[in-house]
Structures are given as structure tokens and as C-alpha cells.
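**Q** Quick one: this structure, given as C-alpha cells, is what I'll be asking you about.
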Amino acid sequence: MRKALRGFLSLAVLIGTVSATGASAGAATAAEPAAVRSAVSDSGTSTDIKDRILAIPGMSLIEEKPYAGYRYFVLNYTQPIDHRHPSKGTFQQRITVLHKDTSRPTVFYTGGYNVSTNASRSEPTRIIDGNQVSLEYRFFTPSRPSPADWSKLDIWQAASDQHRVFTALKRIYSKNWLTTGGSKGGMTATYFERFYPKDMDGVVAYVAPNDVVNKEDSAYDRFFANVGTKECRDRLQGVQREALVRRAPLEKKYQQYAADNGYTFTTVGTLDKAYEAVVMDYVWAYWQYSLLADCDTIPADAKSATDQAIWDSIDSISGFSAYADQGLANYTPYYYQAGTQLGSPDIRQPWLGKLSRYGYQPPRNFVPSSIPMKFQPWVMRDVDTWVKNHANHMLYVYGENDPWGAERFRLGRGARDSYVFTVPGGNHGSNVAGLSPEQKATATAAILRWAGVAPAAVQADPAKAKPLAKFDARLDKKDLTTEHRLGTRRP
């Protein structure tokens with residue numbers, strides 16, 4: 001799935017360096033409310049939240065980071081490699097807990113990739129003013145079994161990871177729970193609900209693709225034929241075409257770029273295939289992360305632009321490091337899932353004529369050949385059917401100009417108290433805050449209601465709904481997908 005291997009706040013946010021398991025934790029700040037500070041009950045049992053969390057079997061502390069008004073923990077949790085056969089080995093899965101108060105509801109967040117080890121709040125966490133538990137997706141390092149049995153990387157096993165974490169922490173955080181995530185995280189939240197529908201009180205899924213029939217991708221072709229304006233489409237198509245026309249001189253620049261940075265191309269096969277993959281991603285990546293207003297940054301006359309101008313435009317949007325071994329390595333779990341269960345787009349891009357040598361390359365090309373892959377076409381059909389017939393307390397938010405929204409989740413007659421909303425002109429960072437005033441109020445009121453914290457005024461009039469917590473520039477990210485903006489074939 002596509003993405004620009006450039007900074008989506010880059011996965012630098014995701015990967016974060018952490019200290020060894022068992023490292024000493026930072027002290028709570030004086031500004032923290034009484035609910036987050038240490039205490040001892042009359043029976044002598046500690047009620048400190050860290051002690052309570054670490055009393056859970058299999059839970060261990062990596063580090064605690066102080067944050068005013070919260071306690072923030074980075075943890076490891078022992079998980080079965082195979083939830084169907086728990087006795088056949090375990091691995092350590094990273095989670096984080098942003099603790100506010102056990103009397104508040106909790107949001108279960110996953111981006112579907114690595115977990116950030118820096119404190120942050122998802123939009124629903126701010127709306128309900130709650131706690132947040134964040135989970136690293138299985139097989140993303142360091143949450144990878146050793147040796148890695150890739151057959152145990154599937155959506156049911158990942159949902160079972162979440163179910164087990166929820167079951168353990170629900171004893172402490174007993175109020176309502178919501179699950180959320182952006183992009184692949186929105187997909188993950190949906191799959192969790194499909195397999196464990198009794199766990200969560202609501203689902204907020206942002207820009208979540210839904211590739212029901214992997215071999216039928218005409219919806220994407222229709223999207224690219226109409227998105228934005230003709231002027232902007234012509235600019236993008238012109239630069240992309242010129243990058244293939246000038247393949248020879250630009251690949252010389254790519255060879256030097258790779259040599260300077262130590263990049264190799266064993267997985268994809270050749271520098272030529274990597275170069276074309278980056279170029280083929282260009283138009284998709286632009287609409288995924290840019291806005292129509294940004295089109296002024298694209299060369300207006302590509303044929304007269306310099307080689308450097310073409311290179312810079314492709315690199316800034318698609319990222320020439322994306323398909324080097326070093327760019328692909330951390331995302332092997334994603335590409336494996338795309339090629340075995342999730343599906344991936346295959347777009348035509350007719351404006352390129354016969355300039356493409358390899359077409360829109362499949363996920364198999366981005367996973368080491370030593371890892372076997374076989375696609376399971378029934379998996380997404382099952383999820384799609386379930387959502388249409390059983391969605392309950394589920395909210396989907398899409399961006400009008402986001403390619404991933406061309407194949408989206410839709411509600412059927414069996415859906416109850418569920419919604420699908422679209423941000424006008426929105427991209428892959430679309431969220432509730434960007435919706436029209438009426439839809440924003442409806443969505444916010446639903447989130448508050450599902451979390452069990454809707455004020456009486458909101459229950460009487462949803463138009464009065466607003467986030468319960470104030471905006472915090474350090475905690476609140478405007479773009480849910482900024483945690484994995486590295487690579488162009490990923491949601």
C-alpha cells in the first residue's frame with residue numbers, strides 16, 4: 001500500500017530508542033493529580049499505578065517517562081507466538097500506557113506498525129480526556145519472535161494480541177474502552193472488533209483501506225482520473241512521465257545517491273526496479289499526503305525542467321530511499337501482510353504509455369524471497385461482510401482526496417449507531433476535527449457517548465459536543481498517520 005518514504009513525521013517517531021527491560025522509571029511530576037501518584041492501602045498493598053500494572057503476569061517495565069498530569073510507561077508484555085497453541089513459545093511485545101486516572105475511560109491505539117515510545121494522545125483520547133494504551137504490531141522489531149515463523153503473522157493473531165492486553169489491563173482500567181488507529185491502524189481496529197466484538201465499547205477508524213477483492217482495483221483508476229483539478233493532475237503526470245523518459249541520467253544520480261548512503265537493492269532485485277517503483281508511486285504519494293493547494297510546488301512544465309528539479313520533486317514526495325533494502329527492512333511485516341491477507345492496489349496510470357518496464361509492482365517484490373507468501377482472498381471478504389452486517393458503535397473517517405479511500409469500509413443494513421464520514425478535500429491525515437461542523441459534532445458526540453462520558457448537555461443536543469481535554473501541542477498530533485510516513489506502498 002502506498003506512502004511516501006519520506007518523513008511522515010517519519011518512522012523515526014515510531015521506532016524510538018528504548019532502554020533495556022527493567023530500567024528504572026522517572027518520578028511522577030509534582031503537577032500530576034493525586035490519582036496518578038503513589039499510595040498505599042490500609043492493607044499495605046501498593047496502589048501506585050506502576051505497581052498495579054507490573055503486577056500483571058508477563059508485564060515488565062522498560063522505562064517510565066514523566067509527563068505533567070500523566071504517568072507514561074513503556075512496557076514489554078509476554079505474548080504467545082501462536083494464540084491457538086500458547087505452549088509453543090512466546091515473544092515480548094512492546095506496549096505503552098499513558099495513564100491519567102483509573103476513573104476515566106481508556107483508548108486502545110495501534111498504528112499497525114511500530115509503537116512510539118514518546119508520549120502522545122490520539123484524537124479520541126483527547127475527546128474523552130482518558131487514558132491511552134498503545135500496542136506495537138506483532139513482528140515489527142523489537143516485537144518479533146525469534147526465530148520468526150511468518151505464518152503466525154495474520155490479522156487474527158494480531159487481534160488476539162490486543163484482546164489479551166485488553167483483558168489484562170481491564171482489571172485496572174474498568175471504565176469504557178474505545179479502540180482507534182489511523183490507516184493500517186484503522187484496519188487493525190476494525191479487525192480487532194470483528195474477532196472480539198465484546199471487548200470494546202466503540203471503534204474510531206481513520207482512513208482505513210478495505211481491499212475486498214484484491215484483483216479488482218478499478219476504483220483507484222477512477223479516483224486518479226478525477227481527483228483534484230486537471231491542472232494539478234497534468235503537472236503531476238508530467239513530472240512522473242519525465243522521470244521515466246530521463247531514466248538513464250536520473251539513474252546515474254540514483255547510483256551515486258545509493259553509494260553515498262550505503263543503499264543496496266537485494267530484495268527488490270535491481271536499482272532499476274527500485275527506481276521505477278519510486279517513480280510509479282509519485283502521483284499516489286502526492287494525493288495521499290499533500291493537498292490540492294500544494295500543487296504550486298510541482299513543476300508546471302516538466303519537459304523544460306532540469307534533471308535536478310525532476311529528481312527533487314520525486315524524492316520529496318516518493319522518497320528514493322523507499323525501495324532500498326535499508327528502506328524496506330523495517331516494513332517487511334507490512335508487505336508480507338499485504339501479500340497474504342490485506343491486499344494491495346494495482347493501478348494503471350495510462351498517461352505513462354509504455355514507459356513502465358515492471359508495472360505497479362506487487363508486495364512480493366518487497367519481501368525477501370526466503371519468506372514464503374500465499375494470498376488468502378477470503379480474509380478481507382469476511383471482514384467486509386461482518387462490518388456491513390454487524391457494525392455497532394463504529395466510526396470511519398476518510399479524506400476526499402486520499403487514494404486509500406477509493407476502496408473503503410461501507411455500512412450495511414445490519415449496522416447500528418455507526419457512521420462513515422468524509423473530510424472535504426482531506427488527505428490521509430483526515431480526522432474528526434476536519435469534518436463539516438454537523439458531522440464533527442455528530443462524531444464527537446458519538447465518541448463521548450460510547451466512552452460513557454457524554455455531558456448531559458451533549459446527550460440533549462449533540463451539536464454541543466467538543467473534546468473534554470484542552471489541546472496540548474506536545475501530546476496531540478494533528479496527523480494520525482505521521483507515525484509511518486516512510487515508504488509509498490503502505491497505508
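**Q** For the subset of the range 307-355 comprising residues that are among the aliphatic types (A, V, I, L, M) and part of a loop (DSSP other than H, G, I, E, B), which member is farthest from Tyr282 (Cα to Cα)?
**A** Of all residues in the range 307-355, those among the aliphatic types (A, V, I, L, M) come to 309-310, 314, 317, 322, 324, 328-329, 338, 342, 347, 352, 355.
Okay, now just the ones that are also part of a loop (DSSP other than H, G, I, E, B), so 322, 324, 347, 355.
On the way: Ala322: 12, Ala324: 16, Ile347: 12, Leu355: 15 Å.
Among residues in the range 307-355 that are among the aliphatic types (A, V, I, L, M) and part of a loop (DSSP other than H, G, I, E, B), the one farthest from Tyr282 (Cα to Cα) is Ala324.
**Q** Same structure again: Filter the range 434-448 for residues that are in a helix (DSSP H, G or I) and touching a helix residue (DSSP H, G or I) at 6+ places or on another chain (Cβ under 7 Å); which is most open to solvent (accessible area, probe 1.4 Å)?
**A** Per the criteria, the residue is Lys440.
**Q** If you don't mind, there's one more thing I want to ask. Taking the condition of being assigned to a helix (DSSP H, G or I) and open to solvent by 60 Å² or more (accessible area, probe 1.4 Å), how many residues in the range 356-381 meet it? Step through it out loud before you land on a result.
**A** Initially, the range 356-381 is screened for residues assigned to a helix (DSSP H, G or I), giving 363-366, 378-381.
Within this subset, residues satisfying the condition of being open to solvent by 60 Å² or more (accessible area, probe 1.4 Å) are 364, 378, 381.
Matching residues across the range 356-381 total 3.
**Q** Scan the range 255-290 residue by residue and report those that are of a type in the set (Ser, Thr, Tyr) and part of a helix (DSSP H, G or I). Quick ask: steps written out before the conclusion?
**A** Step one: of the range 255-290, the residues of a type in the set (Ser, Thr, Tyr) are 257, 263-264, 266-267, 270, 275, 282, 286, 289-290.
Residues satisfying the conditions are Tyr257, Tyr275, Tyr282, Tyr286, Tyr289.
**Q** Now for a separate question. Looking for something closer than 25 Å to Ile49 by Cβ and not in a helix (DSSP H, G or I) - is there at least one such residue anywhere in the range 182-189?
**A** For the range 182-189, residues closer than 25 Å to Ile49 by Cβ and not in a helix (DSSP H, G or I): absent.
**Q** Further question on the same structure: Among the residues of the range 71-82, is any in a loop (DSSP other than H, G, I, E, B), out of contact with any His (no Cβ under 6 Å at 6 or more places or on another chain) and farther than 12 Å from Arg138 by Cα? Write out each step before concluding.
**A** If we filter the range 71-82 for residues that are in a loop (DSSP other than H, G, I, E, B), which is where we start, we get 81-82.
If we keep only those that are out of contact with any His (no Cβ under 6 Å at 6 or more places or on another chain) too, we end up with 81-82.
Okay, now just the ones that are also farther than 12 Å from Arg138 by Cα, so none.
Scanning the range 71-82, I find no residue that is in a loop (DSSP other than H, G, I, E, B), out of contact with any His (no Cβ under 6 Å at 6 or more places or on another chain) and farther than 12 Å from Arg138 by Cα, so the answer is no.
**Q** Can you find even one residue in the range 209-218 that is within 20 Å of the chain's Cα centre (by Cα), open to solvent by less than 10 Å² (accessible area, probe 1.4 Å) and aliphatic (A, V, I, L, M)?
**A** Checked the range 209-218: no residue is within 20 Å of the chain's Cα centre (by Cα), open to solvent by less than 10 Å² (accessible area, probe 1.4 Å) and aliphatic (A, V, I, L, M).
**Q** Here is a further query. Of all residues in the range 281-328, how many are closer than 30 Å to Pro145 by Cβ and open to solvent by 60 Å² or more (accessible area, probe 1.4 Å)?
**A** Taking the range 281-328 and keeping what is closer than 30 Å to Pro145 by Cβ, we get 319, 321-328.
Within this subset, residues satisfying the condition of being open to solvent by 60 Å² or more (accessible area, probe 1.4 Å) are 326.
Residues in the range 281-328 being closer than 30 Å to Pro145 by Cβ and open to solvent by 60 Å² or more (accessible area, probe 1.4 Å): 1 in total.
**Q** For the range 182-208, which residues satisfy the criterion of being open to solvent by less than 10 Å² (accessible area, probe 1.4 Å) and either closer than 23 Å to Gln361 by Cα or among the aliphatic types (A, V, I, L, M) (or both)?
**A** Ser183, Lys184, Met187, Ala189, Val203, Val204, Ala205, Val207, Ala208
**Q** Follow-up question, since we're still on this one. If a residue has to be over 19 Å from Gly181 (Cα atoms) and touching a residue at least 40 places away in the same chain (Cβ under 8 Å) to count, how many in the range 387-426 make the cut?
**A** 3
**Q** In the list Asp301, Asp312, Asp346, Asp307, which residue meets the criterion of being without any contact (Cβ under 8 Å) to a residue 40 or more places away in the chain and over 29 Å from Pro142 (Cα atoms)? Break it down stepwise before answering.
**A** Numbers: Asp301 fails: without any contact (Cβ under 8 Å) to a residue 40 or more places away in the chain; Asp346 fails: without any contact (Cβ under 8 Å) to a residue 40 or more places away in the chain; Asp307 fails: without any contact (Cβ under 8 Å) to a residue 40 or more places away in the chain.
None of the other options fit; the residue is Asp312.
**Q** Based on this model, can you work out whether Gly327 counts as free of Cβ contacts under 8 Å to residues at least 60 places away in the same chain and closer than 28 Å to Ala189 by Cβ?
**A** On the way: free of Cβ contacts under 8 Å to residues at least 60 places away in the same chain: no; closer than 28 Å to Ala189 by Cβ: yes.
Judged against the criteria, Gly327 is not a match.
**Q** Taking the options Arg94, Arg71, name whichever one is within 30 Å of Pro147 (Cα to Cα), of a type outside the set (A, V, I, L, M, F, W, C), touching a Leu at 6+ places or on another chain (Cβ under 9 Å) and in contact (Cβ under 8 Å) with a residue 12 or more places away in the chain. Working first, answer last.
**A** On the way: Arg71 fails: within 30 Å of Pro147 (Cα to Cα).
Every option except Arg94 fails the conditions.
**Q** Moving on to the next point. Report whether or not Thr266 is open to solvent by 10 Å² or more (accessible area, probe 1.4 Å) and free of Cβ contacts under 8 Å to residues at least 12 places away in the same chain.
**A** Values: open to solvent by 10 Å² or more (accessible area, probe 1.4 Å): yes; free of Cβ contacts under 8 Å to residues at least 12 places away in the same chain: no.
So Thr266 fails the test.
**Q** Consider Ala454 against the criteria (1) surrounded by fewer than 20 Cβ atoms within 10 Å (Cβ to Cβ); (2) of a type in the set (A, V, I, L, M, F, W, C); (3) in a loop (DSSP other than H, G, I, E, B): it satisfies all of them except one. Which criterion is unmet?
**A** Status for Ala454: all satisfied but (1).
The values are calculated or read from the model by the stated rules, or taken from the named source; none is laboratory data. Source: prediction; values computed, not measured. Virtual Cβ from ideal backbone geometry, glycine too; neighbours counted across all protein chains shown. Ligands, DNA and RNA are excluded from the accessible area calculation, which covers all protein heavy atoms including side chains. Shrake-Rupley method; radii C 1.70, N 1.55, O 1.52, S 1.80 Å.
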